Amino acid sequence: TFYGLSGTFAYVANENKNFQGGAKANTTGFDAGLKYANGPIMAAVTYNAVSLGNAANTDVSDFRVGATYDFGVASIRALFDRARADHVSALGGKVTQNVFGLGGTFNVTPAGKLLAQAYFANDLKIDGSSSGSKDSGAKLFEVGYEHSLSKRTILKAVYAHLNNDANAGYDFGINAAGVNSVTNAGPTFSTVGATVQGVQLGLRHSF
C-alpha cells in the first residue's frame, strides 16, 4: 500500500484436463486490480480475462470499476461492469453486456443501518448489435437492515427482487431458485421472463 493505493495480480495456469469425460480444455486466466482507499473515499478498478482453451478458442473477460463515499451517518456507492466473450460460435464473434448500479446505507441508530441497492443489466450485444437479443437484460432491487449486537456480531435481514426481461433467465448466484434445471414429467420450468424473489435472515460473527 502506498498513500492509500494498492494493487493485486493473480495468474491461473492451465492444467489441460477434461471435464466429466468431455474434450480437454487448456484454460488459463489472470486477474488484475487497483484500489485507492483514503478517508471516506474508496475506488477500485479490476480486470479479469480467461482463455477457455476450447475448440472455438473462446476468450471471456470482465472489466469493473466501482467507488464508495462514506459520509459517516450514510454512505453511497456506484459500480459499472462490462462482460465480454469472443469467439462464441453459437452467438457470433463477440458478445458483450453492461451492468451498472447504485447503492447506499443510512444509520438510523448507532447500532442499526438501512441498506438499499439497485442494479440494471442491459441487453446483450452480439457483434455490437442488440437487434437479435432484445429484452435480454434484468433489474435487481434489494432493501435490508443490519443491527450490530457488538463490534463483531451483526444481525441482518435482506429482501431481493430480480425482474427478468422477456428473454432473460437470470437467477440468484447464491441460494438460487434453481428452476432452470427442474422438470415435472413434461415442460422444463425456467426463470426466462420471470420475477425471482428472496429473503435472507442471518447472523454474522467475525472471529
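The values are calculated or read from the model by the stated rules, or taken from the named source; none is laboratory data. Everything quoted here is computed from the prediction, not taken from an experiment. Here the Cβ positions follow ideal geometry from the backbone for every residue, glycine too, while neighbour counts run over all protein chains shown. For the accessible areas, the whole protein counts, side chains as well, though only heavy atoms, and no ligand, DNA or RNA atoms are used. Shrake-Rupley method; radii C 1.70, N 1.55, O 1.52, S 1.80 Å.
Overview of results
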{"read-out": "Probe 1.4 Å, all protein chains present, accessible-area order of TYR3, TYR145, largest first", "value": "TYR3, TYR145"}
{"read-out": "Point-charge dipole on Cβ atoms (K/R +1, D/E -1) for the chain, about Cα centre, debye to 20", "value": "480"}
{"read-out": "In Å, descending, principal axis extents of the Cα set of the chain", "value": "56, 50, 36"}
{"read-out": "Accessible area expressed per residue, the chain, with surrounding protein chains retained (probe 1.4 Å, Å²)", "value": "65"}
{"read-out": "The range 3-22 residues near the modelled ASN38 label - backbone nitrogen below 15 Å, point 7 Å along Cα→Cβ", "value": "3-7"}
{"read-out": "Rounded to whole Hz, the Karplus (6.51, -1.76, 1.60) HN-Hα couplings of the range 53-65, x for glycine and proline", "value": "x, 8, 5, 8, 6, 5, 10, 10, 8, 9, 10, 9, 9"}
{"read-out": "Cα Rg, Dmax (largest Cα-Cα span) when computed across the range 45-148, Å", "value": "18.1, 57"}
{"read-out": "Reachable aspartates and glutamates from LYS134, criterion Cα separation under 17 angstrom, eight or more residues apart if same chain", "value": "ASP123, ASP165"}
{"read-out": "Span from the the range 87-136 Cα centroid across to the the range 1-46 one, whole angstrom", "value": "20"}
{"read-out": "Apportionment of accessible area to carbon and sulfur, the chain, percent (1.4 Å)", "value": "59"}
{"read-out": "Cα centre as origin, Lys/Arg/Asp/Glu Cβ charges: the range 51-144 dipole, Debye", "value": "140"}
{"read-out": "Cα-based reach from LYS156 at 20 Å (exclusive), listing lysines while leaving out same-chain residues under 8 positions away", "value": "LYS113"}
